[in-house]
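J.: Here it is, the structure, as structure tokens.
The values are calculated or read from the model by the stated rules, or taken from the named source; none is laboratory data. Note that this is a predicted model, so its numbers are computed, not measured. Cβ coordinates were reconstructed from backbone atoms using ideal geometry, including for glycine residues, and neighbour counts include every protein chain displayed.
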Amino acid sequence: MSTPWFGRFLVSLPFINTAGIESDDEASARGLVDRAIVEADRLNVRYLELRGERAVPHERLVTKGDAKVHMRLALPGDPDVSWKQLDAKVRNQVRKGDKSDLTAVWGSHDLLNDFYCVFSVNMRDLGTPVFGRRLFAAILDAFGSDAELCVVRHGDRPVAGALLVHGTDFTEVPSASALRAFNSTNANMWMYWHLLRRAIERGKTVFDFGRSSPESGTYRFKKQWGAQPFPAVWQYYVRSGSIGDMRPENKRFSMAISVWRRLPVWFTRIIGPPIVRGIP
């Protein structure tokens, strides 16, 4: 990954929930790390980042295993059973959504504009550069029927949306958003219940909510659905600077985040994609 603003990085893999070394034995894992380090030196990157779920022993890697966790929920085979397993507060919020004139629609490219409209507004409000619309179009193309969009509408207006990717036994949500102006409708909670139902209906046994920082707002949101934390073990070969240089919690980004939140959404859709593709 390379941009004039942030420098060069070697990351596995930057835009998905989990990646890292895949091997059948320790010797193979070590060989892969050795070669990755050679590539990091050749490409003159600031650091190599391996985003795995278990540590690979290597004297040149620095392990940081507490920054993120994977939040996953074991699914029963019946939506009714899943509903009964939910906390009473969660069920009440979903019921409030039932009374808010919400509808959920499922599709692919036909819903991309509605999804991206919600997603880009939410990313602007969070102070985060938005992925390009073309990235989501490419995902829908590449995964076919294993990828789909859910859009929640309040009347005729899209107010929440999510991208689902279905694996062999799991469903994950790489991206989901809801408009803050419609928080009173409980659209986000209502949508997530429909996402869980969709995964169960497709015969999946695990729902992957994605990564979160422990005890953060998103962590608590996922925890209330019954999701449990699983280790996200990130290892680094650092050539210059420090591991925390590119993390959003770095104080040097606070001013940029504050300014970004004030930009027009149309403008963030133009300048966001070239920026975010260089942020590991």
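J.: How many of the residues in the range 195-210 are assigned to a strand (DSSP E or B) and of a type in the set (G, A, S)? Quick ask: steps written out before the conclusion?
T.: Within the range 195-210, the first condition is being assigned to a strand (DSSP E or B), and the residues that meet it are 206-210.
Pick out the ones that are also of a type in the set (G, A, S) and you get 210.
Result for the range 195-210: 1.
J.: Within the range 95-133, can you find the residues that are basic (K, R) and either in contact (Cβ under 8 Å) with a residue 24 or more places away in the chain or surrounded by 20 or more Cβ atoms within 10 Å (Cβ to Cβ) (or both)?
T.: Initial filter on the range 95-133 (basic (K, R)): 95-96, 99, 124, 133.
Of everything in the range 95-133, those that are basic (K, R) and either in contact (Cβ under 8 Å) with a residue 24 or more places away in the chain or surrounded by 20 or more Cβ atoms within 10 Å (Cβ to Cβ) (or both) turn out to be K96, R124, R133.
J.: Among residues belonging to the range 3-32 that are in contact with a His (Cβ under 8 Å, 6 or more places away or on another chain) and touching a residue at least 40 places away in the same chain (Cβ under 8 Å), point out the one that is surrounded by the most Cβ atoms within 10 Å (Cβ to Cβ).
T.: N17
J.: Can you give me the number of residues within the range 56-94 that are in the same structural domain as T168 (by TED's automatic domain parsing), in a loop (DSSP other than H, G, I, E, B) and either crowded, with 16+ Cβ neighbours inside 10 Å or in contact with a Gly (Cβ under 9 Å, 6 or more places away or on another chain) (or both)?
T.: Count: 4.
J.: Here's a follow-up. Pull up the range 95-112, narrow it to residues that are among the acidic types (D, E) and not in a loop (DSSP other than H, G, I, E, B), then point me to the one that is modelled with the highest pLDDT.
T.: Going residue by residue through the range 95-112, those that are among the acidic types (D, E) are 98, 101, 110.
Okay, now just the ones that are also not in a loop (DSSP other than H, G, I, E, B), so 98, 110.
On the way: D98: 94, D110: 98.
My answer is D110.
J.: Among the candidates E53, E49, single out the residue that is under 30 Å from A147 (Cβ atoms), surrounded by fewer than 18 Cβ atoms within 10 Å (Cβ to Cβ) and assigned by TED's automatic domain parsing to the domain that holds S242. Break it down stepwise before answering.
T.: Working: E49 fails: surrounded by fewer than 18 Cβ atoms within 10 Å (Cβ to Cβ).
Unique residue meeting the criteria: E53.
J.: I've got another one for you. Being surrounded by fewer than 22 Cβ atoms within 10 Å (Cβ to Cβ), in the same structural domain as A74 (by TED's automatic domain parsing), touching a residue at least 24 places away in the same chain (Cβ under 8 Å) and among the aliphatic types (A, V, I, L, M) is the requirement here; does L164 meet it?
T.: no
J.: Here are some residues: G127, G107. Which one is in contact with a Ser or Thr (Cβ under 8 Å, 6 or more places away or on another chain) and assigned by TED's automatic domain parsing to the domain that holds K223? First the steps, then the outcome.
T.: Details: G107 fails: in contact with a Ser or Thr (Cβ under 8 Å, 6 or more places away or on another chain).
Residue meeting the stated conditions: G127.
J.: Return yes when F230 is surrounded by fewer than 18 Cβ atoms within 10 Å (Cβ to Cβ) and aromatic (F, W, Y) and no when it is not. Show your work before the answer.
T.: Working: surrounded by fewer than 18 Cβ atoms within 10 Å (Cβ to Cβ): yes; aromatic (F, W, Y): yes.
So F230 fits the description; yes.
J.: Take the range 159-192 and flag every residue that is aromatic (F, W, Y) and closer than 19 Å to N122 by Cβ. Even if it seems obvious, please write down each step before you answer.
T.: As a first pass, look at the range 159-192 and keep what is aromatic (F, W, Y): 170, 182, 190, 192.
Selection gives F182, W190, Y192.
J.: If you go through the range 113-135 one residue at a time, do you hit one that is farther than 24 Å from I279 by Cα and either outside any strand (DSSP E or B) or touching a Phe, Trp or Tyr at 6+ places or on another chain (Cβ under 8 Å) (or both)? Even if it seems obvious, please write down each step before you answer.
T.: Looking only at the range 113-135, we keep the residues that are farther than 24 Å from I279 by Cα, and these are 113-114.
If we keep only those that are either outside any strand (DSSP E or B) or touching a Phe, Trp or Tyr at 6+ places or on another chain (Cβ under 8 Å) (or both) too, we end up with 113-114.
Yes: one or more hits.
J.: Mind counting the residues in the range 12-28 that are aliphatic (A, V, I, L, M), under 13 Å from P280 (Cβ atoms) and out of contact with any Pro (no Cβ under 8 Å at 6 or more places or on another chain)? Working first, answer last.
T.: Looking only at the range 12-28, we keep the residues that are aliphatic (A, V, I, L, M), and these are 13, 16, 19, 21, 27.
Narrowing further to those that are under 13 Å from P280 (Cβ atoms): 13, 16, 19.
Restricting the remaining residues to those that are out of contact with any Pro (no Cβ under 8 Å at 6 or more places or on another chain) gives 13, 19.
Looking only at that region, the number is 2.
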